[in-house]
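Visitor: After the structure tokens below, expect a handful of questions from me.
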Amino acid sequence: MANSRDLQVSSPLGGFMRRKPWLFLLFVVGVFALTSCTGARSDSTSEIVIGEFGSLTGTTATFGISTKNGIDMAVDDLNKAGGLLGKKVRVIVEDDQGKPEEAQTVVTKLITKDQVSAILGEVASSRTMAAAPVAQQNGIPLISPSSTNPKVTEIGDYIFRVCFIDPFQGLVMAKFATNTLKVKNVAILRDIKNDYSVGLAEVFVENFKKMGGNIVANESYSEGDTDFSAQLTSIKSKNPQAVFMPGYYTEVGLVVRQARKLGLNIPFMGGDGWDSPSLIQIGGEAVNGSYYSNHFSVSDPSPKIQKFVSDYKARYSATPDALAGLGYDAASVLFDAIKRANSTDGAKVRDAIAATKDFDGITGKITIDKDRNAVKPAVVLQVKDGKLQYVETIAP
Amino acid sequence: METFLQQLINGVSQGSAYALIALGYTMVYGVLRLINFAHSDVYMFGAFMGFYLANNEWIKTHLGDSPLTAVLVLLGAMALSAGVGILIERFAYRPGRGKSRFALAFWLGIAGAAAGQLVNASLASTLIGAAAGLIIGIVSEKVGLRPAQENSRLALLIIAIGVSLFLENGGQQVFGADPKFFPQIIETRLLDIGPLRIDSQKLIVLGVAVVLMVLLNVIVNYTKTGKGMRAVSFNLDAAKLMGINTDRIIAFTFALGSALAGAGGILVSLLYPKIDPLMGVMPGLKAFVAAVLGGIGNITGAMLGGLVLGMAEVMAVGYGESTYRDAIAFIILVLILLLKPTGIMGKGMIEKV
Amino acid sequence: MRKWAFWLAAIVLLIVLQATLRGLIGAYYYQIVILVGINIILAVSLNLINGVTGQFSIGHAGFYAIGGYTSAALVYYGGASIRAPLRFLPSMAQDTILLLLGLIAAAVMAGLAGLAVGIPSLRLRGDYLAIVTLGFGEIIRVFILNIDAIGGSRGFSGIPQLSNLFWVYLLVLATIITVRNLIRSSYGRAFISIRDDEIAAEAMGVDTTRYKVLSFVISSMFAGIAGGLFGHFTMYLHPNSFLFTTSFYLIIMIVVGGLGSIEGSVVGAILVTVTLEVFRRFGPFRLVYFAIVLVLIMIYRPQGLVGKRYGYS
């Protein structure tokens, strides 16, 4: 750093900036103020404005985008059918880049600047937990489509979710492992960087042991890792009958490939983080014979689900994953609550959401319990011959 | 014992991946004294180019599944990566050294294209935006807006960070943020040698990496351009005085380094077939650590550093706490730099007053 | 006579702002103003080690994190027992004492970390130092990820909101004035001499190791304070807020502002924070535009916007 010398400036802006930095600051503040003031205040007599936040860029971008797709579809379907309370619904989407403090900032913006009536988001519990206190403080209802950490809804009575929580999901897979797969010795491979993975692994271990099972190995990796041979070799040496890997699909594909190459041919199990078309794409043949718990199954013959799948395919040229389904349901539950409350007043909508009972959603019949969590069954899917196959439903 | 040998093999294959990327870092640092943070994103670019080439219908129908296809895909991706490297050098780093033409036009053109895309998601709108940006850029330069003539290393570093951000986020928009599957253009076969199971792919990757390093050594030590590279890395000003076209040498270095990064991208994607626009971030950081470990500026050092790092990581994960894997790279780095501050093969720099 | 008048005026102004600003500009802009303040503290402290002492450190996020988590842990776990003997005071005074204790703890821990990182690293030069500090920043983050008591990958939630505009900007003033006074003192002259020519400084009898470490420790202490203020404002901490990209953004702030000058760091911090917010309107291209602007600024004005360097006329 001792090499850079302050030489003559040849840029025309140089002199101005050097002599009057305060003027320049004023200019910056002015630009900021101007560009932000042009953001239109929503005209509450002609439309209902909802806020949405998610990770549209960054390492978990696909989750945010899937959820956004689901929500967009729900909004369009609603508007086509006449809107809500006689008004059209508009969604303002903000990107939190996968960072918790960004989540907090954008939700503050949505609530105080954009004056939204409600918030939808997010997928990752850590980001929802960072943003929820803002919604709670301002009396704006927030529905998370797929944050599964139990602590999320503990933040306050304006915070809801339309998915099941990890304690239930871990129990589901523990039951499945014990009763259906009938395995006694399981190895755990969790993503240490991911609170979802760590939490789900904990619950599974607790329940599995209670049912008489044995955890023979406990390994971890980091989201973004590509080489798992060290952990897999270690796991292989402990001779498990199955591996529970509650991470995101982004790593699962690689893990099972490497496992098969190392000669580890036992079934792998996971949670809803596995759900994505990319899972089979990346995992290829190696992921056949694996199981995971999910919110719904795209091969479910019910007409409602099949319509959703075909609409989604037509619109986005891709098969919807659970996040899209949950996004759709979160939006639908919100709209239903607003309709029942016949108003967009925070407290009234909150009470209406809390009273949701047997709402017929894409991801199952949704009833909100006293802890503001959704009571729904989980499905277990198996990957077979490159396709997802429904195995069974496990109810709470 | 067999587990230990298995882990050893894992370590070598992981290490060769880091080494390939480290080579590019060390070369650019050698000639420019610049930590090219954008290098890891050229690696990503190479992987994506390989993806598009391998999935290209024309290539698939005309060339089929032969090893020839694999070689062509590799060379094609390397060429495209070299191209990107040259673009970056021309429009981001060279202006940072005070000379450029049309750098402003280049960046404004891209900004314009993005703006066009935001306004209306059609090709026409994007092109109009790009054209507008280009025109504004060219006009501004004609009117007199020139890059600052100061050679600030720190400013170059910030430019590198900027280019990296640009490639990563631009990549997410252009390629899509979702991870994609890299086609297995080289068939994998599991060879059972004794109690070990060796993946033939890993051997091929290691082999190609070694070949590339040998080629690099030949170019640097036995060609005229290579001599120019060595001269420039020794003393830029003296090289200029000797009549060497330093700009061209620097551009060539970038092209070479980027081609290696692109090759690295393809080889690693064969072993770990998941690619996404952010795939370069962590490997890039670790490869840079490997380059510093081996003595930054030293080519053999980069390969050694990569191997050491790969092994250490695998051993630490296999026998220690797998949760600290990311930290291992840095802990090793700190330890080695404390003992030998210029890296394993680094020459002790005598600072003259 | 003038000094205490200045501080009195500052405190009064801040109290007035604290009471009115949030109502005037709304919670969103209020949040931005606070984040700008925290970034100013970070930038000015980073500038002390990078711009004034010339040591290339890109691990600042690590000390930021340590400060944040220390203060949060102290207040979260020890809050009740600290409040107990203070029951007779009004709650605002209790909060103040709690916050100050938290910040002091944050500064101390971050300073100790700075010592631990600085002593071995500062033997290295230039780019080697940079990569080692980067490494330490990452090591700290990975360790935090693994400590369950402060949330690990789940994040540390439930931190009471103790910091606000008043405290953040009071500390911004304190940081700026402390650093400025430091630079003007004999310590500062030692720092600048190390930046300009370390060998000559040694030859002149300056104990470069001592001063380098000192600069590092002071710089980390302020980063720790910033961390404490951050945690007590957002009420939630997660290691993802302290990635090496955060350290990069801090470096960008001080270079874009003008390396070596305090005004530069302030301007840089404000500019980068505000620009990132304003660029939200570009949707998915937000960071693409930020990157392009960054590259262009560095091409056309590499010495930064303010550009003045301490010690040079």
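Visitor: Here is a list of conditions, (1) more than 11 Å from every other protein chain (Cβ to nearest Cβ); (2) modelled with pLDDT of 90 or more; (3) over 16 Å from B:LEU23 (Cβ atoms); (4) in contact with a helix residue (DSSP H, G or I) (Cβ under 7 Å, 6 or more places away or on another chain), and B:ALA92 meets all of them except one; can you say which number that is?
Guide: (1) is the only condition that B:ALA92 fails.
Visitor: Within the group A:GLY283, A:GLY247, which residue is part of a loop (DSSP other than H, G, I, E, B), among the small types (Gly, Ala, Ser), buried (at least 24 other Cβ atoms within 10 Å of the Cβ) and touching a Gly at 6+ places or on another chain (Cβ under 9 Å)?
Guide: A:GLY247
Visitor: Just give me the residues in region C:128-159 being polar (S, T, N, Q) and within 20 Å of the chain's Cα centre (by Cα), in sequence order.
Guide: Once the filter is applied, which keeps residues that are polar (S, T, N, Q) and within 20 Å of the chain's Cα centre (by Cα), region C:128-159 yields only C:THR133.
Visitor: Also, quick follow-up: Within the group A:SER197, A:SER229, which residue is among the hydroxyl-bearing types (Ser, Thr, Tyr) and either under 17 Å from C:ASP148 (Cβ atoms) or touching a residue at least 60 places away in the same chain (Cβ under 8 Å) (or both)?
Guide: A:SER197
Visitor: Moving on to the next point. Inside region A:82-125, can you point out the residues that are of a type in the set (Lys, Arg) and in contact (Cβ under 8 Å) with a residue 24 or more places away in the chain?
Guide: The answer is A:LYS87, A:LYS88, A:ARG90, A:LYS99, A:LYS113.
Visitor: If you don't mind, there's one more thing I want to ask. Is it the case that A:SER332 is more than 20 Å from A:GLU122 (Cβ to Cβ) and either of a type in the set (Ser, Thr, Tyr) or surrounded by 22 or more Cβ atoms within 10 Å (Cβ to Cβ) (or both)?
Guide: It is false that A:SER332 is more than 20 Å from A:GLU122 (Cβ to Cβ) and either of a type in the set (Ser, Thr, Tyr) or surrounded by 22 or more Cβ atoms within 10 Å (Cβ to Cβ) (or both).
Visitor: Further, regarding this structure: How many residues are touching a Ser or Thr at 6+ places or on another chain (Cβ under 6 Å) and more than 14 Å from every other protein chain (Cβ to nearest Cβ) if we restrict to region C:217-241?
Guide: Looking only at that region, the number is 4.
Visitor: Kindly indicate which of A:ALA135, A:ALA74, A:ALA130, A:ALA103 is in a helix (DSSP H, G or I), assigned by TED's automatic domain parsing to the domain that holds A:GLY364 and closer than 20 Å to A:LYS370 by Cβ.
Guide: Result of the check over A:ALA135, A:ALA74, A:ALA130, A:ALA103: A:ALA135.
Visitor: Next question, about the same structure. Answer yes or no as to whether A:ALA217 is small (Gly, Ala, Ser), closer than 25 Å to A:THR367 by Cβ and outside any loop (DSSP other than H, G, I, E, B).
Guide: Criteria not met by A:ALA217.
Visitor: Would you pick out the residues in region B:160-184 that are over 18 Å from C:PHE285 (Cα atoms) and facing another protein chain (nearest Cβ under 7 Å)?
Guide: Those that are over 18 Å from C:PHE285 (Cα atoms) and facing another protein chain (nearest Cβ under 7 Å): B:PRO179, B:PHE181.
Visitor: Every residue in region B:1-44 that is within 15 Å of the chain's Cα centre (by Cα) and not in a helix (DSSP H, G or I), please.
Guide: Matches in region B:1-44: B:LEU34, B:ILE35, B:ASN36, B:PHE37, B:ALA38.
Visitor: (1) more than 14 Å from every other protein chain (Cβ to nearest Cβ); (2) touching a strand residue (DSSP E or B) at 6+ places or on another chain (Cβ under 9 Å): which one isn't true of B:LYS274, the others all being true?
Guide: (1)
Visitor: Would you confirm, using the coordinates I've provided, whether C:ILE194 is of a type in the set (Val, Ile, Thr) and closer than 26 Å to C:PHE136 by Cα?
Guide: Criteria met by C:ILE194.
Visitor: For region A:95-136, what are the residues that are within 13 Å of chain C (Cβ to nearest Cβ), of a type in the set (S, T, N, Q) and under 22 Å from A:ASP157 (Cα atoms)?
Guide: A:GLN104, A:THR105, A:THR108, A:THR112, A:GLN115, A:SER125, A:SER126, A:THR128, A:GLN136
Visitor: Still on this structure: Look at region B:140-161 and say how many of its residues are farther than 20 Å from B:MET282 by Cβ and either surrounded by fewer than 22 Cβ atoms within 10 Å (Cβ to Cβ) or touching a residue at least 60 places away in the same chain (Cβ under 8 Å) (or both).
Guide: 14
Visitor: Tell me yes or no: at least one residue of region B:2-18 is closer than 29 Å to B:ASP247 by Cα, modelled with pLDDT of 75 or more and within 14 Å of chain A (Cβ to nearest Cβ).
Guide: Looking for residues that are closer than 29 Å to B:ASP247 by Cα, modelled with pLDDT of 75 or more and within 14 Å of chain A (Cβ to nearest Cβ), one finds at least one in region B:2-18, hence yes.
Visitor: Taking region C:271-287, which residues are in contact (Cβ under 8 Å) with a residue 40 or more places away in the chain and at the interface with another protein chain (Cβ under 7 Å from one of its Cβ atoms)?
Guide: Residue satisfying the conditions is C:VAL274 alone.
Visitor: Does C:PRO302 satisfy the criteria of being crowded, with 24+ Cβ neighbours inside 10 Å and either in contact (Cβ under 8 Å) with a residue 60 or more places away in the chain or under 27 Å from C:GLY155 (Cα atoms) (or both)?
Guide: It is false that C:PRO302 is crowded, with 24+ Cβ neighbours inside 10 Å and either in contact (Cβ under 8 Å) with a residue 60 or more places away in the chain or under 27 Å from C:GLY155 (Cα atoms) (or both).
Visitor: Return the residues of region A:78-94 that are in a strand (DSSP E or B) and away from chain C (no Cβ under 14 Å); say none if nothing qualifies.
Guide: Of everything in region A:78-94, those that are in a strand (DSSP E or B) and away from chain C (no Cβ under 14 Å) turn out to be A:LEU84, A:LYS87, A:LYS88, A:VAL89, A:ARG90.
Visitor: Evaluate the following for C:ILE192: is it within 14 Å of chain B (Cβ to nearest Cβ) and either buried (at least 19 other Cβ atoms within 10 Å of the Cβ) or touching a strand residue (DSSP E or B) at 6+ places or on another chain (Cβ under 9 Å) (or both)?
Guide: Answer is no for this residue.
Visitor: Turning to a different aspect of this structure: Take region A:166-201 and flag every residue that is within 14 Å of chain C (Cβ to nearest Cβ) and hydrophobic (A, V, I, L, M, F, W, C).
Guide: A:ILE192, A:VAL198, A:LEU200, A:ALA201
Visitor: Any idea which of (1) more than 14 Å from chain B (Cβ to nearest Cβ); (2) outside any helix (DSSP H, G or I); (3) closer than 27 Å to B:ALA327 by Cβ is the one A:PHE204 doesn't satisfy?
Guide: Tallying (1) more than 14 Å from chain B (Cβ to nearest Cβ); (2) outside any helix (DSSP H, G or I); (3) closer than 27 Å to B:ALA327 by Cβ, A:PHE204 fails exactly one: (2).
Visitor: Spot the failing condition for A:ALA61; the list is (1) over 30 Å from B:ALA155 (Cα atoms); (2) away from chain B (no Cβ under 14 Å); (3) at pLDDT below 90, and only one is missed.
Guide: (2)
Visitor: Something else now. Read through the list (1) within 11 Å of chain C (Cβ to nearest Cβ); (2) under 30 Å from B:ALA70 (Cβ atoms); (3) surrounded by fewer than 18 Cβ atoms within 10 Å (Cβ to Cβ); (4) among the hydrophobic types (A, V, I, L, M, F, W, C), then give the number of the only condition that B:LEU190 fails.
Guide: (1)
Visitor: Mind checking which pairs have a first residue in region A:126-155 that is touching a residue at least 40 places away in the same chain (Cβ under 8 Å) and within 15 Å of A:ASN194 (Cα to Cα) and a second that is of a type in the set (A, V, I, L, M, F, W, C) and in a helix (DSSP H, G or I), Cβ under 6 Å, 6 or more apart or different chains?
Guide: Partner pairs satisfying both residue conditions: A:ARG127/A:ALA103; A:SER146/A:LEU323; A:SER146/A:LEU326.
Visitor: Here is a further query. Working carefully through the options B:ALA121, B:ALA114, B:ALA132, find the one that is within 20 Å of C:ILE297 (Cβ to Cβ), out of contact with any Cys (no Cβ under 6 Å at 6 or more places or on another chain) and not assigned by TED's automatic domain parsing to the domain that holds B:ASP41.
Guide: B:ALA114
Visitor: Could you name every one of the helices (runs of 4 or more DSSP H) located completely within region C:197-270 that has at least 3 residues being more than 25 Å from C:ALA291 (Cβ to Cβ) and among the aliphatic types (A, V, I, L, M)?
Guide: C:198-203, C:208-234
Visitor: For region B:313-329, indicate whether the set of residues that are closer than 30 Å to A:ILE280 by Cα, at pLDDT below 80 and of a type in the set (Phe, Trp, Tyr) is non-empty.
Guide: yes
The values are calculated or read from the model by the stated rules, or taken from the named source; none is laboratory data. Nothing here was measured: the structure is a model prediction, and the numbers come from that model. Cβ sites come from the backbone with ideal geometry, for glycine too, and all protein chains shown count toward neighbours.
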